Amino acid sequence: MPKVAVIGCGDVSSVHFDAISAHPDAELVAVCDPDPERLAKAAAAHGVPGYADHRALLAEAGAEVVHICTPHNTHVDLAVDALAAGVNVILEKPLAHTLAAGERLVAAAAASTARIGICFQNRYNAPVQEMHRLLSSGDLGQVRGGAATVLWSRTAEYYRDRPWRGTWAGGGGGMMMNQAIHTLDLLQWLVGGVDEVSGEASTRTLGDAIEVEDTTDLVLHHSNGARSIFYATLSNTVNAPITLDIDTEKAQLSLRGALTVTYDDGRVEVTPERSAATGGRGYWGASHALLIEDFYGQLGQPGPFWIDPAEAAKSLRIIKELYRQSYPGAGFDVS
Ligand SMILES: NC(=O)c1ccc[n+]([C@@H]2O[C@H](COP(=O)([O-])OP(=O)(O)OC[C@H]3O[C@@H](n4cnc5c(N)ncnc54)[C@H](O)[C@@H]3O)[C@@H](O)[C@H]2O)c1
């Protein structure tokens, strides 16, 4: 029966609260947010004590797991404090707002007996799991390449509502750090580790609202010899389903919600996606609850959670290399 707490009671916290209350064994014991209105609302909605400061929560609430759902530039300080207090952590993506902060959390996790998992929940989507199973089986031969798109829409109001999202200091970047990182993580997880990055980040439509990028094109060279292309933008007028295609010696894998695998011998297999089961936004996917359940189920086991800081650092490194190439001599910190 894990006793759990939620730190950060903004937009994404709703899917965490839903998953906690749907879990047969979890008990929510506290919430934390420095914003008095959001704190009072969450504490009243869930009938638990509210803390304005996470250190008081860690010391007093008796939580065995904290869910950290806060702006990017707070992730590492909060997670390091929880691990130092021996409290397990479910941390929202990205790992950190800077690479240096991310490396600090990788080291803190390696030195702690508490566990930490990063919310790359889309790795739990049924079609994505099937892609990984097929690619790992060896039945498809060599993977030759991948191609992914994220064609989404965000408005100026989305950023006016939460100013941290549109800034280098608060978000550590824009569309790549906040939205497209999920698909980039899948691409590098499925196709293989990335050795070389070539790309450009730019701001095409939201320049009046944000200082960070809203569009990116990328070529990734994987250590197994495969090559991937990646295009992502928030300049679309709708949130289109992400696309992820993988080319192998013996089959073409195409993710469009469902996974379609077309084998060279003409066979076609389809794996459908589960329907979204929580009150979250559709483009967040349906798998937060699966990751959270998996994490709780492994509490007390030795060794790291499979999506730990070292694993989450892989997408962060690609994004920071993209920024380094895109903003040479920038007057702001893209590290
Ligand atoms: N996995 C996903 O699909 C997904 C979806 C949406 C957001 N996210 C991630 O969730 C995180 C939060 O995003 P959001 O859109 O909910 O942001 P938000 O701004 O709506 O909510 C963040 C909350 O954290 C609070 N906060 C700030 N500093 C804090 C601190 N030191 N201690 C406690 N609370 C603090 C804020 O007051 C706010 O209420 C981000 O990392 C974002 O990238 C993930």
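The values are calculated or read from the model by the stated rules, or taken from the named source; none is laboratory data. From a predicted model like this one, the values you see are computed outputs, not experimental measurements. Note that each Cβ is placed from the backbone with ideal geometry, even for glycine, and that neighbours are counted across all protein chains shown. Side chains included, ligands, DNA and RNA excluded: accessible areas come from the protein's heavy atoms. Shrake-Rupley method; radii C 1.70, N 1.55, O 1.52, S 1.80 Å.
Summary table
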quantity	calculated
Whole-number percent relative contact order across the stretch 1-125, with pairs defined as alpha carbons under 8 Å at least 6 apart	22
On Cα atoms only, tilt of 75-84 relative to the major axis of the chain in degrees	60
Within a Gaussian network of the chain (alpha carbon springs, distance under 10 Å), most fluctuating of A101, A312, A22	A22
Under 11 Å, Cβ to Cβ, from G141 - net charge with Lys/Arg +1 and Asp/Glu -1	-2
Mean separation of Cα contacts under 8 Å, 6 or more apart, over the residue count of the chain: relative contact order %	19
Accessible area in square angstrom per residue, the chain, 1.4 angstrom probe	42
Angle in degrees between helix 309-326 and the longest Cα principal axis of the chain, rounded to the nearest 10	70
Furthest towards positive pole of dipole, L187, A209, A258, structure part the stretch 126-273, Cβ charges	A209
Dipole magnitude (debye, nearest 20) for the chain, charges at Cβ of Lys, Arg, Asp, Glu	100
Surface share of carbon and sulfur [accessible, 1.4 angstrom probe, percent] for the stretch 36-84	53
Charge tally in the Cβ shell below 13 Å around T203, where Lys, Arg are +1 and Asp, Glu are -1, T203 excluded	-3
Calculated Rg and Dmax of the stretch 126-273 using C-alpha coordinates, Å	16.7, 52
Folded to 0 to 90 degrees: helix 181-191 orientation relative to the chain principal axis, Cα	50
Computed [θ] at 222 nm, helices only, for the chain once each DSSP H run of length n ≥ 4 contributes -39500 (n - 2.57)	-10000 deg cm²/dmol
Percent accessible area from carbon and sulfur atoms, the stretch 160-235, protein chains only, probe 1.4 Å	41
Prolate/oblate/rounded call for the stretch 192-335, Cα gyration tensor, a/c under 1.5 rounded	rounded
Aspartates and glutamates with Cα under 16 Å of K314, excluding same-chain neighbours fewer than 8 positions away	E92, E103, D185, D195, E196
Inter-label distance, nm, simple model (7 Å from Cα along the C-beta direction), A59/Y327	3.7
Cα shape, the stretch 162-240, gyration tensor, a/c 1.5 rule	prolate
Cβ-defined net charge surrounding A258, 15 Å radius [Lys, Arg +1; Asp, Glu -1]	-2
4 °C / 1.567 mPa s Stokes-Einstein diffusion coefficient of the chain, Kirkwood radius on C-alpha pairs, µm²/s	63
Protection-proxy order for peptides 202-213, 72-83, 184-195, each taking the mean of Cβ atoms within 10 Å per residue, highest first	72-83, 184-195, 202-213
Efficiency of FRET from Cβ geometry, V268 and R160, R₀ 41 Å, rounded to 0.05	0.35
The stretch 47-128: GluC sites (Glu not before Pro) in DSSP coil with no more than 14 other Cβ atoms inside 10 Å	none
Per-selection metrics, the stretch 57-109 (Cα): Rg and Dmax in Å	10.5, 32
Part-to-part distance (alpha-carbon centres) for the stretch 118-177 and the stretch 198-230, which is given in Å	12
